């Protein structure tokens, strides 16, 4: 078993234990393998171990990697999620190559994604990013403005609003992590309870990473985003 395959099994084990502790069915929480800065070979190792959903933070790197993986394994059906910030001039490659987008934080980005989504592809699955704890360096709409943005995005063609995504500032203790994550879950529940026509598939709370997935699952996350726990530490190029 490769290191990545072994790490993947350990993460899935952590998720299973977290679900048991929270009284949740393990299958109700999905795993997004965050493959940023790792090559197509690492994605293929994880895919060969059973992982199917991958997240990319850097758009051009993600587009190139998607092409490389498809060239190496054309029969492999993977799901690609854009989980990094999107500038207005970068919406087209996202619309053309990704299956999901987690980082819609303003209507202009959603409108461009909608207009640029190719007609032969399935609708783009979208999460609205919320700055749940008001972190100064974090992207995302303010919690009080989230419902308005969700409703506006839901009206756009070629997009399906699936839920919320949050990246809270790091908190070292479980209880502090849980308190922040519970705020995200409360907002998610508030919106999903509306049962409005455009929100029929509002079912995803993208919340939790390697260091806090247990607290996120306890709070009610439906999708955890794990990179380091699967692929190992990252080396970033010098600025």
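The values are calculated or read from the model by the stated rules, or taken from the named source; none is laboratory data. No experiment lies behind these values; they were computed from the predicted model shown. Ideal geometry is used to build each Cβ from the backbone, glycine not excepted, and the neighbour counts take in all protein chains shown.
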- Quick one: count up the residues across segment 94-132 that are in contact with a strand residue (DSSP E or B) (Cβ under 9 Å, 6 or more places away or on another chain), free of Cβ contacts under 8 Å to residues at least 60 places away in the same chain and more than 15 Å from residue 79 (Cα to Cα). 13
- Message: I need the full set of residues from segment 35-49 which are in a helix (DSSP H, G or I) and surrounded by 13 or more Cβ atoms within 10 Å (Cβ to Cβ), in order please.
- Response: 40, 42, 43, 44, 45, 46, 47, 48
- Looking only at segment 1-34, which residues are closer than 22 Å to residue 45 by Cα, part of a helix (DSSP H, G or I) and in contact with a helix residue (DSSP H, G or I) (Cβ under 7 Å, 6 or more places away or on another chain)? 4, 5, 7, 8, 11, 14, 15, 16
- Task: Scan segment 97-118 for residues that are crowded, with 19+ Cβ neighbours inside 10 Å and part of a loop (DSSP other than H, G, I, E, B) and report the count.
- Result: 3
- Task: Please enumerate the residues belonging to segment 51-66 that are within 15 Å of residue 92 (Cβ to Cβ) and buried (at least 20 other Cβ atoms within 10 Å of the Cβ).
- Result: 59, 62, 66
- In segment 161-176, which residues are in a loop (DSSP other than H, G, I, E, B) and out of contact with any strand residue (DSSP E or B) (no Cβ under 8 Å at 6 or more places or on another chain)? 168, 169, 170, 171, 172, 173
- Message: As an exercise: evaluate residue 190 against (1) out of contact with any strand residue (DSSP E or B) (no Cβ under 9 Å at 6 or more places or on another chain); (2) under 25 Å from residue 4 (Cα atoms); (3) in contact (Cβ under 8 Å) with a residue 40 or more places away in the chain and give the number of the one condition it does not meet.
- Response: (2)
- Being farther than 25 Å from residue 98 by Cβ and buried (at least 21 other Cβ atoms within 10 Å of the Cβ) narrows it down to one of 129, 177, so name that one. 177
- Task: Output the qualifying pairs, or none if there are none: Cβ atoms under 7 angstrom, residues six or more apart or on different chains, first residue in segment 133-162 and farther than 23 Å from residue 208 by Cβ, second residue in a loop (DSSP other than H, G, I, E, B) and at pLDDT 95 or above.
- Result: 158/117; 158/123; 159/123
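Per-residue answers, yes or no, for (1) in contact with a helix residue (DSSP H, G or I) (Cβ under 9 Å, 6 or more places away or on another chain); (2) over 30 Å from residue 193 (Cβ atoms):
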| position | (1), (2) |
| --- | --- |
| 73 | yes, yes |
| 114 | yes, no |
| 119 | no, yes |
| 137 | no, yes |
- Message: Which of the numbered conditions does residue 8 fail, given that it passes all the others? Conditions: (1) within 21 Å of residue 103 (Cβ to Cβ); (2) touching a strand residue (DSSP E or B) at 6+ places or on another chain (Cβ under 9 Å); (3) buried (at least 16 other Cβ atoms within 10 Å of the Cβ).
- Response: (1)
- Message: So, in segment 195-226, how many residues would count as being crowded, with 22+ Cβ neighbours inside 10 Å and either within 15 Å of the chain's Cα centre (by Cα) or assigned to a loop (DSSP other than H, G, I, E, B) (or both)?
- Response: 15
- Item | Which numbered condition residue 2 fails, given (1) closer than 20 Å to residue 204 by Cα; (2) at pLDDT below 95 | (1)
- Check whether at least one residue in segment 144-163 is out of contact with any helix residue (DSSP H, G or I) (no Cβ under 6 Å at 6 or more places or on another chain) and closer than 16 Å to residue 219 by Cβ, and report yes or no. yes
